[in-house]
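Novice: What follows is a structure written as structure tokens; I'll ask about it next.
The values are calculated or read from the model by the stated rules, or taken from the named source; none is laboratory data. Not measured: the values here are computed from a predicted model. Every residue, glycine among them, receives a Cβ derived from its backbone with ideal geometry; neighbour counts consider all protein chains shown. For accessibility, only protein heavy atoms count, side chains too; no ligands or nucleic acids. Shrake-Rupley method; radii C 1.70, N 1.55, O 1.52, S 1.80 Å.
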Amino acid sequence: MSIAAALLDALAPLRHAAAALLALSVAACSKAGDAPAPPAAGEPAAVDLATVTLRIGEQTGIVKSGLEAAGQLEGIPYTIEWATFTAGPPLLEAINADAVDIGAVGDTPPIFAQAAGAPIRIVAVTRNRPEYKAILVPKGSSVRALRELKGKKVAVAKGSSAHYLLLAALRRDGLGIADIVPVYMNPNDAQPAFASGDVDAWAVWEPYVASNVRQGAVKLLDGAGLTDALSFQVSSDKALADPGKAAAIADYLARSHKAHEWSNGHKDVWARKFAEVTKLPLEVAQDMFEHHEPRYVPLDDEIARAQQTMADAFFQEGLLPQKIEVSRVFDGRFNDRVPPR
């Protein structure tokens, strides 16, 4: 079986994750301990976390694998219900539907969710390596420069972080979305389309990048010099208004930060755990983690400016129904859970 086929097999259960989650299908649960962590600033002092269930959404198992590898799922004083999605937009749809309390997504999905009026709140941010996302062309393609994609079909998940990579790359070359034929599809549908040659290129993220490059696909470009490589932890007004869930989120973000700090220095361990969780080949996971080094940073004006630039670009391309002010959905109450710059 090819690595690309293995990737599809490993991630196939994610295809209907959004619908399954709306029906309250839970991927996994973990619970341990009974002593809550100290509340963050502004949170209620007395919360019985043993009665709290925190529903966490993620993509491709990377969040859970990192927490497990770093030992940060030990001693959790609340219950976690995990649900996995193929991309950020369906994860945010689940948050909007009150089926998930918090989830990690790329920089673009919150922009589209905010423009659609979803009651989301960005509560934390990480910076990653920009090489984590790339635009690929199939093995044997004659395309070697982005401008050669003019008039050609490019697969991308609409509203995903790869969508902005594609837009930024086109704009850098004096082009726009209208100069290509965007084929909007999530990775599980884009993978066979790319492998069969039904599309001429694919804007996507890891582990799809590593998997396809190992099968002969060519990386046309990555996010270096094009994106700020931001990812966000996103919650909802409803979850944050619940004192128990807010306290659990504060604890979860602190654990997530510690997991990043540890895992970034132990990528070999994280890669093995990720391969174990996802059933992907270890070499794919190892390739992926060469380009994965997330670090929490404060949610502040610098982040707002970077995010606003992206939102304005999408609006100018006619891809957003209205101009938005991204800082309106920023919630910095958990900033004390990450170190200063």
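Novice: Just want the answer: with Cβ charges of +1 for Lys and Arg and -1 for Asp and Glu, which residue in Leu226, Leu240, Trp202 is farthest toward the dipole's positive end in the stretch 159-241?
Specialist: So the residue furthest toward the plus end is Leu240.
Novice: Sticking with this one: Can you compute 3J(HN,Hα) from phi for each residue in the stretch 146-160, using the Karplus curve 6.51 cos²θ - 1.76 cosθ + 1.60 with θ = phi - 60°, rounded to whole Hz and x for Gly and Pro?
Specialist: After applying 6.51 cos²θ - 1.76 cosθ + 1.60, I find 4, 4, 6, 8, 4, x, 9, 8, 10, 7, 6, 7, 5, x, 8 Hz.
Novice: OK, next. May I ask which residue of Leu253, Val284, Ala94 lies farthest towards the positive end of the charge dipole of the chain, with charges of +1 (Lys, Arg) and -1 (Asp, Glu) on Cβ and the Cα centre as origin?
Specialist: Result: Val284.
Novice: Which residue fluctuates the most in the chain, going by a Gaussian network model with Cα springs under 10 Å, if the choices are Gly61, Gly223, Gly318?
Specialist: Residue with maximal mean-square fluctuation among Gly61, Gly223, Gly318: Gly318.
Novice: Using the heavy atoms of the protein chains alone and a 1.4 angstrom probe, what is the accessible area of the chain per residue in square angstrom? Don't skip to the end; give the middle numbers.
Specialist: Values: 13300 Å² over 341 residues.
I get 39 Å² per residue for this part.
Novice: A follow-up question, please. Quick query: amide H of Phe330 versus all other amide H atoms, modeled in the peptide plane; which residues come in under 5 Å with a sequence gap of 5 or more or a different chain?
Specialist: Ile122
Novice: Let me ask something additional. Where is the GNM fluctuation largest for the chain (alpha-carbon springs, 10 angstrom cutoff): Ala157, Ala87, Ala46?
Specialist: Among Ala157, Ala87, Ala46, the largest mean-square fluctuation in the Gaussian network model of the chain belongs to Ala46.
Novice: Quick one, can you get me the convex hull of the C-alpha atoms of the chain expressed as volume per residue in Å³?
Specialist: On the way: hull volume 40.6 nm³, N = 341.
Measuring per residue, one finds 119 Å³ for the Cα hull of the chain.
Novice: Indicate the gyration tensor shape class of the stretch 285-341 (rounded, prolate or oblate), computed on the Cα atoms with a ≥ b ≥ c the square roots of the eigenvalues: a/c under 1.5 is rounded; otherwise a/b larger than b/c is prolate and the rest oblate.
Specialist: Details: a/c = 3.08, a/b = 1.30, b/c = 2.37.
Oblate, since a/c reaches 1.5 and b/c is not below a/b.
Novice: Report D for the stretch 176-279 in µm² per second (integer): Stokes-Einstein, Kirkwood Rh on Cα pairs, 4 °C, 1.567 mPa s. Can you show the working numbers first?
Specialist: Working: Rh = 17.5 Å.
Diffusion coefficient, whole number: 74 µm²/s.
Novice: Could you tell me what a quarter of the Cα convex hull surface of the stretch 112-175 works out to, in nm² with one decimal place?
Specialist: Details: hull surface 24.3 nm².
Dividing the Cα hull surface by four gives the mean projection, 6.1 nm².
Novice: Return the sequence-ordered ³J(HN,Hα) values of the stretch 177-187 in whole Hz as given by the Karplus equation 6.51 cos²θ - 1.76 cosθ + 1.60 applied to θ = phi - 60°, using x for Gly and Pro.
Specialist: Karplus values, whole Hz, x for Gly and Pro: 4, 5, 8, 10, 10, x, 10, 7, 7, 6, x.
Novice: Let's test this: bin the Cα-Cα distances of the stretch 44-154 at 10 Å from zero up to the farthest pair and state each bin's percent.
Specialist: Distribution as computed: 11, 32, 30, 18, 6, 3, 0 percent.
Novice: Considering only protein heavy atoms and a probe of 1.4 Å, how much of the accessible area of the chain is carbon and sulfur, as a whole percent? Let's see the in-between values first.
Specialist: On the way: 6660 of 13300 Å².
Summing carbon and sulfur atoms, their accessible area is 50 percent of the total for the chain.
Novice: Which of Thr309, Thr227, Thr86 moves most in a GNM of the chain, Cα contacts under 10 Å?
Specialist: Checking each option, the largest mean-square fluctuation is seen for Thr309.
Novice: I would also like to ask the following. Considering amide H positions built from the backbone, and no H for Pro or chain starts, which residues 5 or more places from Lys133, or on another chain, come under 5 Å of its amide H?
Specialist: Amide H neighbours of Lys133, under 5 Å, 5+ apart: Gly223.
Novice: Quick one: which residues, 5 or more positions from Arg55 or on another chain, have an amide H under 5 Å from its amide H? H modelled 1.01 Å from N in the peptide plane, none for Pro or chain starts.
Specialist: Sorted by chain and number, the residues that satisfy this are Glu81, Asp101, Ile102.
Novice: Still on this structure: Applying the Karplus parametrisation 6.51 cos²θ - 1.76 cosθ + 1.60 with θ = phi - 60° to the phi angles of the stretch 294-303, what ³J(HN,Hα) value in whole Hz is obtained for each residue in order, glycine and proline being reported as x?
Specialist: x, 9, 5, 9, x, 7, 9, 5, 4, 5
Novice: Just from its helices, what would the mean residue ellipticity at 222 nm be for the chain, if runs of 4 or more DSSP H residues each count -39500 (n - 2.57) and the sum is divided by every residue, rounded to the nearest 500 deg cm²/dmol? Let's see the in-between values first.
Specialist: On the way: 13 runs with 130 residues, N = 341.
Computed mean residue ellipticity for the chain: -11000 deg cm²/dmol.
Novice: To the nearest 10 degrees, how steeply does helix 161-172 sit against the main Cα axis of the chain, on a 0 to 90 scale?
Specialist: Computed tilt is about 40 degrees.
Novice: Next up: Determine which lysines satisfy two conditions relative to Lys323: a Cα distance under 25 Å, and not lying fewer than 8 residues away in the same chain.
Specialist: Correct list for Lys323: Lys158, Lys238.
Novice: Assuming a ≥ b ≥ c are the square roots of the Cα gyration tensor eigenvalues, decide whether the stretch 187-341 counts as rounded (a/c under 1.5), prolate (otherwise, with a/b larger than b/c) or oblate. Mind dumping the intermediate values first?
Specialist: Details: a/c = 2.01, a/b = 1.25, b/c = 1.61.
In terms of gyration-tensor shape, oblate.
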